[in-house]
Amino acid sequence: MNDDSGVMPAETRLTGEPGGAAPGPDSPAAPAGSAPWLDYGVPEPLGTGFRRRSVLFVAWRDLANRQAGGSEVLVDRLASGVLARGHRVALLCGGRVAERPYHVIRNGGTYSQFLRAPLAYQRHFRDYDLIVEVCNGMPFLAPLWCRRPVLCLVNHMHTELWSIRFRPPFSTIGRNIEQVVMPWAHRENLFLTVSSSTAEALQGIGVGQDRIRQICNGVEAPDPPAPRSPDPMFLAFGRLADYKRLDVLLRLWDRVRHVTGGRLVIAGDGPERARLQALAGPGVEFTGRVSDAEKHRLMCSAWLFLHPALIEGWGIVVAEAAIRGTPAVAFDVPGLRDSVVHGQTGMLVRTEGQFASQWASLAIDQRRREQLGRAARTRALQLHWSAAVEGFAEVADEAIKCGRSHHGGNRPGAGQPASGVL
């Protein structure tokens, strides 16, 4: 239920920032002066008492999963960045996994992993300093089976998506677990998110504002620009799933193409592909999953980036298009209203009619379209993964300190300073 990059899994190095080989999961802390974190563009840890820590991410998927999206990209970049600062990092997840610079353990399938996570934790990770539970709809409820500090990472709330993805009573059960059980289980923990929309949604289910922290996604600096298409070309990019509402885009294209001409390119793959291809009219192309190089070419070529989704965590693909000077047209929904600045880096709309109108008007107004594209690129260039890692490190330090205080400081090393350890 996340953003999907629509591309084949990429290498985990922070491409676009100064990069190099990251230390292995069990490598010793780097000696003074070697500063491995500099390879990732990450500042040296604050303070003089650097102490190697261990961080476990418990997540639904690895980036290698064909359904991986924005949440998995975020976890990979955070994990890689923390590892590059000299700390021990591991990922516990279900489904397909691949080799990473940090330690990855496959923990069952899509659903069995939720039952197996406590046992895997006790077997492999019980001595870790911090558990980062990544809640993508269904939580792992780590505080119920873990006595270490826990940080709850929420990309976005799935309130509207439960009824789309599941039928009653499963949709009702899932929604109640996310909205009632999850905040109760994490009632003493900090929450971390990537957008103001999700922060507001968390407050709506009873999480106090004083326990919510926010960082921003980064964007990888692209290769040199590829040429813009001389003819109208519009791009939608991501996982072909029901909640992405690409069927809406196809309906609107039947109206817009008579004004704009050109073609609509839909890049990505997913369970909705066959149905969408059956609905598609003239001028629609489906590329399937594409390489990073082809993704770059398509985002540079497009006149507009189109995002009709119902909800997002933040919309990494919007920023990826923006950094290539391609403005977006999207619905004014949680997540997308954070990644698109209405009237400056793209246009946000509330109805399908407004979507079609903005799509057509920007297609025929080259000056306005290019103005939005320049502003979108300027904003996207300010989004760095190194800043996301730095923000995460500060929140992680705070989470460790909070976790100790809630348990009377009886953890190993509880008497040591909690600030600046990451």
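The values are calculated or read from the model by the stated rules, or taken from the named source; none is laboratory data. These numbers were taken from a predicted model, which means no experiment stands behind them. So basically every Cβ, Gly included, is an ideal-geometry build from the backbone, and we count neighbours across all protein chains shown.
Couple of notes before you dig in:
- Restricting attention to region 165-193, the residues that are modelled with pLDDT of 95 or more, out of contact with any helix residue (DSSP H, G or I) (no Cβ under 6 Å at 6 or more places or on another chain) and either closer than 24 Å to Val340 by Cβ or charged (D, E, K, R) (or both) total 1.
- Qualifying residue in region 354-373 (condition: among the β-branched types (Val, Ile, Thr), under 27 Å from Leu153 (Cβ atoms) and assigned by TED's automatic domain parsing to the domain that holds Tyr243): no
- Screening Arg251, Arg245, Arg239 for residues that are closer than 28 Å to Ala356 by Cβ, among the basic types (Lys, Arg) and in contact with an Asp or Glu (Cβ under 7 Å, 6 or more places away or on another chain) leaves exactly one candidate, Arg239.
- Given (1) surrounded by 19 or more Cβ atoms within 10 Å (Cβ to Cβ); (2) farther than 19 Å from Tyr121 by Cβ; (3) touching a residue at least 40 places away in the same chain (Cβ under 8 Å), index of the condition Arg175 fails: (3)
- Of the listed requirements (1) among the acidic types (Asp, Glu); (2) touching a residue at least 60 places away in the same chain (Cβ under 8 Å); (3) within 17 Å of Ala64 (Cα to Cα), Glu133 misses just one: (3).
- Only one of Ala293, Ala321 that is surrounded by 24 or more Cβ atoms within 10 Å (Cβ to Cβ), modelled with pLDDT of 95 or more, assigned by TED's automatic domain parsing to the domain that holds Arg251 and of a type in the set (A, V, I, L, M): Ala321
- Arg167 fulfils the conditions (1) surrounded by fewer than 14 Cβ atoms within 10 Å (Cβ to Cβ); (2) assigned to a helix (DSSP H, G or I) except for a single criterion, (2).
- Conditions (1) in contact (Cβ under 8 Å) with a residue 12 or more places away in the chain; (2) part of a helix (DSSP H, G or I); (3) of a type in the set (S, T, N, Q); number of the one not met by Gln203: (1)
- Residues of region 51-91 satisfying the condition of being of a type outside the set (Lys, Arg), under 15 Å from the mean Cα position of the chain (by Cα) and part of a loop (DSSP other than H, G, I, E, B): Ala59, Trp60, Asp62, Leu63, Ala64, Asn65, Gln67, Ala68, Gly69
- Meets criteria (at positive phi, outside the structural domain of Arg245 (by TED's automatic domain parsing) and surrounded by 21 or more Cβ atoms within 10 Å (Cβ to Cβ)) for Gly137: yes
- Inside region 312-330, residues that are part of a loop (DSSP other than H, G, I, E, B) and closer than 20 Å to Ala68 by Cα make up a count of 4.
- When His258 is tested against (1) in contact with a Leu (Cβ under 9 Å, 6 or more places away or on another chain); (2) over 24 Å from His384 (Cα atoms); (3) not aliphatic (A, V, I, L, M), exactly one condition is not met: (1).
- On the stretch given as region 344-353, residues that are of a type in the set (S, T, N, Q) and more than 14 Å from Arg251 (Cβ to Cβ) total 2.
- Hits in region 210-227 - residues which are more than 17 Å from Ser339 (Cβ to Cβ), in the same structural domain as Val150 (by TED's automatic domain parsing) and not hydrophobic (A, V, I, L, M, F, W, C): Asp210, Arg211, Arg213
- Residue in region 117-126 that is in the same structural domain as Glu394 (by TED's automatic domain parsing), touching a residue at least 60 places away in the same chain (Cβ under 8 Å) and farther than 25 Å from Asp397 by Cα present: no
- Of all residues in region 242-265, those that are under 13 Å from Phe331 (Cβ atoms) and assigned by TED's automatic domain parsing to the domain that holds Gln358 have Cβ atoms under 7 Å from Cβ atoms of residues that are of a type in the set (A, V, I, L, M, F, W, C) and modelled with pLDDT of 95 or more, 6 or more apart or on another chain, in Leu246/Ala236; Leu246/Ile266; Leu246/Leu276; Leu249/Ala236; Leu249/Leu306; Leu252/Phe355; Leu252/Ala356; Leu252/Trp359.
- When Arg116 is tested against the conditions (1) over 22 Å from Leu74 (Cβ atoms); (2) assigned to a loop (DSSP other than H, G, I, E, B); (3) of a type in the set (Lys, Arg), the lone failure is (2).
- Applying the criterion of at least 2 residues that are over 16 Å from the mean Cα position of the chain (by Cα) to the helices (runs of 4 or more DSSP H) found wholly in region 331-390 leaves 352-364, 366-380.
- Total residues in region 63-92 satisfying the condition of being at pLDDT 95 or above and touching a Gly at 6+ places or on another chain (Cβ under 7 Å): the figure is 1.
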